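Report on the following structure.
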Amino acid sequence: QVQLVESGGGLVQPGGSLRLSCAASGSRFGINAMGWYRQAPGKQRELVATISSGGTTNYAEFVKGRFTISRDNAKNTVDLQMSSLKPEDTAVYYCNVWVVLHQYWGQGTQVTVSS
């Protein structure tokens, strides 16, 4: 069973930055894609960014140029550097990983962008 532990959420002013981190443990197999999703109140969960084991990245249009996803394959971690944050970025952010054909989710970390 894969466990995901997220950290780095919090309250930030508009225009500010935050860095989210996620550490995966317990996998007997290599981790394939890693990513971040978010869910705002009353809305469906949506993709923010993903990164393959080879480093290929994919971003939602609404974060392009503002967020950067990265991973450390040796440590099984994935980070999301968020800059130029907007109030509409307020949401619970979830770490997501694929191991073989199984998908795992973190518990979520709250990001609130407000003045």
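Things to note:
- Residue pairs meeting the criteria (Cβ under 8 Å; at least 6 apart or on separate chains; first in contact (Cβ under 8 Å) with a residue 12 or more places away in the chain, in segment 29-44; second surrounded by 10 or more Cβ atoms within 10 Å (Cβ to Cβ) and basic (Lys, Arg)): Met34/Arg71; Tyr37/Arg45; Arg38/Arg45; Gln39/Arg45
- Taking segment 1-32 as the range and being assigned to a loop (DSSP other than H, G, I, E, B) and either closer than 26 Å to Val100 by Cβ or open to solvent by 40 Å² or more (accessible area, probe 1.4 Å) (or both) as the test, the residues that pass are Gln1, Val2, Gln13, Pro14, Gly15, Ser17, Gly26, Ser27, Arg28, Phe29, Gly30.
- Residues located in segment 73-109, provided they are of a type in the set (A, V, I, L, M, F, W, C) and either farther than 16 Å from Ser7 by Cα or free of Cβ contacts under 8 Å to residues at least 12 places away in the same chain (or both): Ala74, Leu85, Trp98, Val99, Val100, Leu101
- Elements of type strands (runs of 3 or more DSSP E) contained in segment 55-115, each with 1 or more residues being exposed (fewer than 13 other Cβ atoms within 10 Å of the Cβ): 67-72, 102-105, 109-113
- A Cβ distance below 7 Å, combined with a sequence gap of six or more or placement on separate chains, defines the contacts here; from segment 46-72, residues that are under 11 Å from Met34 (Cβ atoms) reach residues that are open to solvent by 70 Å² or more (accessible area, probe 1.4 Å) in the pairs Ala49/Asn58; Thr50/Asn58; Ser53/Asn73.
The values are calculated or read from the model by the stated rules, or taken from the named source; none is laboratory data. Only a predicted model underlies this, so the values are computations on that prediction, with no experimental measurement involved. Glycine also receives a Cβ, built like all others from the backbone with ideal geometry; neighbour counts cover every protein chain displayed. For accessibility, only protein heavy atoms count, side chains too; no ligands or nucleic acids. Shrake-Rupley method; radii C 1.70, N 1.55, O 1.52, S 1.80 Å.
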